Structures are given as structure tokens and as C-alpha cells.
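The values are calculated or read from the model by the stated rules, or taken from the named source; none is laboratory data. Given the structure is predicted, the values throughout are model-derived calculations rather than measurements. Each accessible area value is taken on the protein alone, full model and side chains, heavy atoms only, with ligands, DNA and RNA left out. Shrake-Rupley method; radii C 1.70, N 1.55, O 1.52, S 1.80 Å.
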Amino acid sequence: MTTQISLFEHLIGDVYSQSDLSSSLALVSVAGNDYANFLASNTSFYVRRHSLLCFTKNYLYINQIFKISDNVTNGPRKLWFVELFIFILYRTLHALPGFIKKVVDQTKVNLRRIHTLGVKKIVVPSLAPLGCIPSFVKSSLIQGRCNDILNLFVDIHNALLHQVVTNLNNETNHTTFVIFYYNNAFSTVFKNKGENPGSTTTFKTPFKACCEGTCSVVDAKGVKDYTLFDDPKSAFFWDGLHPTQEGSRAVYAVLAKNITASLTISEI
């Protein structure tokens, strides 16, 4: 993001005027890729594949495997494997809060810099409940439920972000910086299985992807390597990560009820 801001800064004067900036709104999104990369780079192949955030589930699975032949020969192997697994999980989970603070601190630097360039209104979304996306729901301790451990770290990120925005607004003596509460909006849609209870569009299984498999891929014989919902509009998620058009529309409908007044630029 720092590089993107620098590239944008080079366009000021030639492409964008100060008047353009002062009448514009900037949306600064930190969507979760930083955390996905952190988790992937700090865990072993096994943990990456099965998700480091399902420790209890995998621990029991490991014990079940080795219990079949738990003798003197296999005992040390069992102990070594489980201890390694625990060590990797502990190291990663222990380091994650510090990494979250690093991400939010850099976000603060970026927000302040964009304001310094002349943008009068800056919006930053809170982190959505990443533990509820299909890729992580599959690794939840309770099948079909959000991954509460991952969502705990999402809450840490959002709490730190709230502090940052409060401090920046105190610096400017205005409500220059605004949070879009994605987390609340997503959670509302998941709870209601739609925008509101009884909505026209209902997501009966909101944590299940519309496309499962290798989406859009067919083999040499034309056989699809994926399955789709019969009615795509009934799916909140398109694949393991991304909402469908209907899913995004439902989230926006919840957000729109509260954001209009907070985006007024003329008050500054």
C-alpha cells in the first residue's frame, strides 16, 4: 500500500489537482491478505493444508492415527510428530498479535499520509469475519460454524483499528477518518441469512461456497472439475474466499443504513 500511495502522489499536479483531492473520498482497504500470507509463511505444509486454527480437531485426529499402533516403536514417532505440530501452532499463534499490531500501525501511517496529501475524507473498513469464509469454516472445530479462533484475531485487529481512527480524528479535530464496520455488516447478514429476517434473498447455507472444486476448470473430455449451486443467488460466497454479487449487495444494504451521514465532506 505504501508503494501505491507513492505512485498516486506522483499523479498529483499532472492528473489530479488539489481541488480534486479536497473534494474526494479515499477508501483504504486492508482486507486480510497480509494475514493470509503471514499464516502461510509461518506454518508447515501440514498446518497450511488443514489450517493452523483447528488445533484441537487436528490434535485428536493425529492421536487417532497413531493410537492404532501405539507401541514402543511408534511411541517416540507419535510424540515427536505431535510436539512438532504443537510447537508450530504455538509459535505462529504467539506471533500473530504482534503482527496484527504491525499491520494496524502501518495502516495508521498510510492513513495519515493520504490525509497530508489533501484528501479530506478517508474511509477504512474494519476486517470482515475471516473465520466465516468457506475456506476456514471447513477447519472449524464445529462443522458448519465460523472459526472462532480466527475471528478472535479479527476482533483484535478491529479494536486496534478503532483506537487508531479515534487518535487520528483527535489530531485533525474533525471526523476526517471513518470506519466502515464490515465485521458487523457481514455478521448481521450471516445471522439473518439475508439483509433482514425474512428477506427476499435468503442464504440458507451462508458459509457454503456456490462453486466448490476448481472453479471454471474442465478436463480434456469437457468434464467440470467443480460443482455449482442450482440457484447462484441463494449463495453468499462464490468460492472459498469471495462473496457473490448477492452477498455483496446484502452487506452493502446493511452498511448503507448507517454510512451516508458519516461521509459528508463539506463539514470539514
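The separation of the range 230-253 from the range 7-27, counted between C-alpha centres, amounts to 33 Å. The value of relative contact order for the range 129-219, using C-alpha pairs under 8 Å at least six residues apart, is 24 percent. In the assembled protein chains, Leu152 presents an accessible area of approximately 100 Å² (probe radius 1.4 Å).
From the cross-link list Lys121/Lys208; Lys138/Lys233; Lys108/Lys193; Lys121/Lys257; Lys102/Lys208; Lys233/Lys257, which pairs have alpha carbons spaced over 25 Å apart? Correct reply: Lys121/Lys208; Lys108/Lys193; Lys102/Lys208. Karplus-based coupling profile of the range 244-254, in residue order and whole Hz: 7, 4, 5, x, 5, 4, 5, 5, 4, 4, 5, with θ = phi - 60° in 6.51 cos²θ - 1.76 cosθ + 1.60 and x standing for Gly or Pro.
Surface listing: Tyr16, Tyr35 arranged by accessible area from highest to lowest gives Tyr16, Tyr35, probe 1.4 Å.
With all protein chains in place and ligands, DNA and RNA left out, the 1.4 Å accessible area ranks Val103, Val15 as Val15, Val103, largest first.
Sorting Lys204, Lys221, Lys108 by accessible area puts them as Lys221, Lys204, Lys108; the probe is 1.4 Å, largest comes first, and only protein heavy atoms count. The aspartates and glutamates whose alpha-carbon is closer than 14 Å to the alpha-carbon of Lys101, local same-chain residues fewer than 8 away aside, are Asp34, Asp155.
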